[in-house]
1. Pull out the extension gain between residue 13 and residue 176, defined as 0.36 nm times the separation in residues minus the alpha carbon to alpha carbon distance; nm, one decimal.
2. In debye, nearest 20: dipole of the stretch 324-410 around its Cα centre with unit charges on the Cβ of K, R (+) and D, E (-)?
3. Diagonalise the Cα gyration tensor of the chain and give the resulting equivalent ellipsoid semi-axes, square root of 5 times each eigenvalue, largest first, whole Å.
4. Sequence-distant or interchain residues sharing an amide H contact under 5 Å with residue 86, placed H: which?
5. Specify the angular offset, from 0 to 90 degrees and rounded to the nearest 10, of the alpha carbon long axis of helix 168-188 from the longest principal axis of the alpha carbons in the chain.
6. What nm value, rounded to one decimal, do you get for the distance between residue 343 and residue 103 when each label is placed 7 Å out toward the C-beta?
7. What does a probe at residue 351 reach in the stretch 294-337, counting residues whose amide N is under 14 Å from the point 7 Å along Cα→Cβ?
8. Give the residue from 403, 355, 243 lying farthest towards the positive end of the charge dipole for the chain; charges sit on Cβ (+1 for Lys and Arg, -1 for Asp and Glu) and the dipole is referred to the Cα centre.
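Every number here is computed from the coordinates shown, using simple stated rules; none is lab data. These numbers were taken from a predicted model, which means no experiment stands behind them. Here the Cβ positions follow ideal geometry from the backbone for every residue, glycine too, while neighbour counts run over all protein chains shown.
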Amino acid sequence: MRQSELFTKTLKEIPKDEKSKNAELLIRAGFIYKEMAGVYSYLPLGLRVLNKINNIISEEMNAIGGQEIFMTCLQNPEIWQKTERWSDEIVDNWFKTRLKNDIELGLGFTHEEAVTSIMKNHVKSYKDLPCYVYQIQTKFRNELRPKSGIMRCREFLMKDLYSFSRTQDEHNNFYEKSKEAYMKIFTRLGLGEKTYLTFASGGVFSKYSHEFQTLSDAGEDLIYVDKNKKIAINKEVYSEEILTELGLEKNNLIEEKAIEVGNIFSLGKKYSEPLGLKYLDEEGKQQSVIMGSYGIGPGRVMGAIVEVNCDDKGMIWPKEIAPYQIHLISLAKTIEEKERTEEIYQKLLSLGQEVLFDDRENLSAGQKFADSDLIGIPLKYIVSTKTLAEESIEIKERKTGETKIIKIADLK
């Protein structure tokens, strides 16, 4: 991509109504556009990052047996009434609408009921189980005060996987696999060192659910972290009894603010029983299916990555999800130098590199470097009169600031 052709532009001004670092930087760098409070559009640079996050999530879900589907946003009240979650008194963040014939519908805020209804057409026998399906799809939640930039929105992407098992042991085995898969995801996203498996309330289904919390001053949650054991406890369940059960010492725990980037729940038969999702076991007896749900918000994760990977100049993207791997910055002055820089760009593309080429005219080196720091691509490749005279390129790492000079002939 040539930066001169990229329709988004960087902004010098800080958005007045944005208090979160992630939204401020993403808007200024041209990754997202704010439509209204809690609603953002993803522009070309932002969409490239979001798609890479989605791809990593999909790869790890597929690796543990997940099959991708795509469900509707519009929801039939009938199935939600069976689980008593259509009532605004029980679920207070529905977006609801009416058809022209006055039939009321909802915009999905989660999909347990919807996926259970689908599975009734596919699960009849023990031979049809276990089954694991997931989607990456838009959700709608009527947040009273959306805040924290793209980490808490009214319209957002969610990866929600649902597991369907014959027995509690079968469910537990998959649940443990999902813990490992989630940590692989956050490690690949560059959050592994700051993300902790966190014990949280399991509600009526199990003693615990598990959150994945990333340490950050921008976080809304308080957790107590044992950094040696790499686990944490959410403040909501913190007690001496829990510490004893988990084998944790109070003196080893550190209170930290954190961003919840994922969660997993055991659902038991909460949805399968009222919606009639049953199977015939090996003895021909009907049994209710054991369920679990597993969520990650790709946009929320993207916001968290910005919060923990930035400095006073801008964002610092981890290599695997950066919009481009190389920011080629042309400081060429003459026609000959510009032609030589174009040859370098074409060579990098032929080598399979992802390159954003800052070929913009009439900008100072300082302006180009400031924009590059703001956008946060891992490597700057700087081409100038001096480097071209030596048939070389200056390479500067965004994260460390380290620089080196390599010969153009050695590019690979």
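1. Working: separation 163, 0.36 × 163 = 58.68 nm, distance 4.61 nm.
Between residue 13 and residue 176, full extension yields an extra 54.1 nm.
2. Details: 13 positive and 17 negative charges, 48 e Å.
Its charge dipole is roughly 240 debye.
3. Numbers: eigenvalues 404, 113, 92 Å².
Over the Cα atoms of the chain, the semi-axes work out to 45, 24, 21 Å.
4. For residue 86, whose amide H was placed from the backbone, the distant partners under 5 Å are 81.
5. Long axis of 168-188 versus the principal axis of the chain: about 10 degrees.
6. The answer from the label model is 6.7 nm.
7. Flagged as within label range: 325-329.
8. My answer, from the dipole projection, is 355.
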